[in-house]
Amino acid sequence: MVDVNDVCDWIGSDTYVELLEFLRIGRKVAVNDEAVAEILLGHDVNKMNAASVSIADLKKVAENKHQFVDFFSAKLRLINGTENEQEGKCE
């Protein structure tokens, strides 16, 4: 089970920060640098636990930046201009 502290540690990790920089620079994706409210992280924790996803799983995915960014870019292209454009609203 993942908790809010686990997610806070993950988003503060070098791996996560490097992945965001890779998106920002390599794909010119706008990234919000503001701290995420703990209440919002709680929603992510609930989704991760419901999906049985661990921080270790996220780290494994993040190891291959290019594959992750290709998936992320394809998803953004897919939902671009749709009513589901906001992240998390596309099935």
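Can you pull out the residues in region 1-15 that are touching a helix residue (DSSP H, G or I) at 6+ places or on another chain (Cβ under 6 Å) and either surrounded by 15 or more Cβ atoms within 10 Å (Cβ to Cβ) or under 14 Å from F68 (Cβ atoms) (or both)?
Of everything in region 1-15, those that are touching a helix residue (DSSP H, G or I) at 6+ places or on another chain (Cβ under 6 Å) and either surrounded by 15 or more Cβ atoms within 10 Å (Cβ to Cβ) or under 14 Å from F68 (Cβ atoms) (or both) turn out to be V2, D6, V7, W10, T15.
State yes or no: is V53 assigned to a helix (DSSP H, G or I), surrounded by 11 or more Cβ atoms within 10 Å (Cβ to Cβ) and either in contact with a helix residue (DSSP H, G or I) (Cβ under 9 Å, 6 or more places away or on another chain) or not hydrophobic (A, V, I, L, M, F, W, C) (or both)?
no
Considering every residue within region 24-40, establish whether at least one is modelled with pLDDT under 90, within 21 Å of K60 (Cβ to Cβ) and assigned to a helix (DSSP H, G or I).
Yes, because at least one residue in region 24-40 is modelled with pLDDT under 90, within 21 Å of K60 (Cβ to Cβ) and assigned to a helix (DSSP H, G or I).
Return the pairs, sorted by first residue and then second, in which the second residue is among the small types (G, A, S), the first residue lies in region 50-69 and is within 13 Å of F22 (Cβ to Cβ), the beta carbons are less than 6 Å apart, and the residues are 6+ apart or on different chains.
none
On the given criteria, is E21 in a loop (DSSP other than H, G, I, E, B), of a type in the set (D, E) and at pLDDT 80 or above? Break it down into steps so the answer makes sense when it comes.
Numbers: in a loop (DSSP other than H, G, I, E, B): no; of a type in the set (D, E): yes; at pLDDT 80 or above: yes.
No.
The values are calculated or read from the model by the stated rules, or taken from the named source; none is laboratory data. Every value quoted in this text rests on a predicted model; they were computed, and no experiment measured them. Every residue, glycine as well, gets a Cβ built from its backbone with ideal geometry; the counts of neighbours run over all protein chains shown.
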